Amino acid sequence: MPHVPEWSLRKAGTDFLVFGEGELTFCELVRTLRYGGDLSSILGILYLDDDERVVKTGFRPLIRDLNELPIPAYDLMPRISHRKGASLFQNSFNIEKGRGCVDTCNFCAIWTQMGEWKTGSPQARYRVKSPERVVREMEILHRQYGYHNFMFVDGTFNLDASWNNEWSDQILSRGWEDIAWYGFFRADTFQKEHERGGVKKLVKTGLHWYLVGVERKEADDYEFLSKHNYNPTMMQSMFDTLRIDYPEEVRHATFLIGLPNDNREKLKRLFDYAVTLRPDFIAFQTISPEPGTTLWNQALEEGWLEEKGMDELKDFYWWQPVMRTQHLTMQEMVELANE
């Protein structure tokens, strides 16, 4: 992984690491390896030179217009027509609307991986494909491969109401009555989109599963997480509206536990709060600082990480705690998450 180059290149035996968006970088790397050329001139890679020193070639600028990327070669994907049982969200196919985010949550790899790194540290950036392009990809998957369900992997689907409106019009014009889709949504844009009728329109297009990262309740926790514009009043209003006005929607709320100052009493209050929101599905996940996130750097500096080393990266998957708290052991965190 490019955020831990010493381990990846030396211990894991990786030949090259691609940093940031890989489409252009990877193609240039393959051409250079195949036909010859100067590896150090390829922006966005890391590798070991002849003296076993890590070479960083610099940041490759982001792809500003995602429409320039070719439509994925779905026909080259192995067994694409036989993978319909491979997703949590009712046999859906993952699809991308855009990249990045406008927020800077310290635990999130989306905005760091897909953000701007030209200054040496991540800067939040958000870009989207055009509505026409996204509909075209859905159309191929629907007509050629028989997919009816889609999971949008974007961290925040509902940032741009005008984009959503135009995309909804195109979906509705096709009369796809058997389409269902799922996505990740921000809470701070919900009310305005609801009042404008945008949420109702999205539901008509087949929106079925509304997933929101609530994370916490208290303001100091949101401050620690660098998650902005969220508060309990907003959350309660959103979940109430979803339950009353859009009863067909699955209301999915996720929460993070394992912050440095968490104790049993604080987590009990968080659990009680989660229930008051009355979601259909609740997930409590132990916070795992993935390499490259700002929380990862903070955890290294503060000595919060369990002394496992990079060989244990398999544990960084949000169900097994890897970060110490001031009041709870790792085992206690597991027990509380299961409870």
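The values are calculated or read from the model by the stated rules, or taken from the named source; none is laboratory data. These numbers were taken from a predicted model, which means no experiment stands behind them. Glycine also receives a Cβ, built like all others from the backbone with ideal geometry; neighbour counts cover every protein chain displayed. Side chains included, ligands, DNA and RNA excluded: accessible areas come from the protein's heavy atoms. Shrake-Rupley method; radii C 1.70, N 1.55, O 1.52, S 1.80 Å.
General remarks:
- Within the range 1-36, tally of residues that are over 25 Å from P289 (Cα atoms) and in a helix (DSSP H, G or I): 13
- Qualifying residue in the range 273-289 (condition: open to solvent by less than 10 Å² (accessible area, probe 1.4 Å), more than 29 Å from V4 (Cβ to Cβ) and among the hydroxyl-bearing types (S, T, Y)): no
- If the condition is being in a helix (DSSP H, G or I), touching a residue at least 24 places away in the same chain (Cβ under 8 Å) and out of contact with any Lys or Arg (no Cβ under 7 Å at 6 or more places or on another chain), then the range 270-300 contributes A274, T276, T294, L295, W296, Q298, A299.
- Leading residue by the ranking (nearest to S130 (Cα to Cα)) among those in the range 168-212 that are within 21 Å of the chain's Cα centre (by Cα) and part of a helix (DSSP H, G or I): L202
- Hits in the range 22-65 - residues which are surrounded by 13 or more Cβ atoms within 10 Å (Cβ to Cβ), of a type in the set (F, W, Y) and over 19 Å from V4 (Cβ atoms): F26
- Selection within the range 104-116 - crowded, with 19+ Cβ neighbours inside 10 Å and either among the hydrophobic types (A, V, I, L, M, F, W, C) or in contact with a Cys (Cβ under 6 Å, 6 or more places away or on another chain) (or both): C105, F107, C108, I110, W111, M114
- Hey, R99 surrounded by fewer than 16 Cβ atoms within 10 Å (Cβ to Cβ) and of a type in the set (D, E, K, R) or not: no
- Any hit, the range 213-220, residues being open to solvent by 10 Å² or more (accessible area, probe 1.4 Å), among the acidic types (D, E) and under 23 Å from M114 (Cβ atoms): yes
- Criterion violated by R10 - all others in (1) open to solvent by 40 Å² or more (accessible area, probe 1.4 Å); (2) over 24 Å from the mean Cα position of the chain (by Cα); (3) without any contact (Cβ under 8 Å) to a residue 24 or more places away in the chain satisfied: (3)
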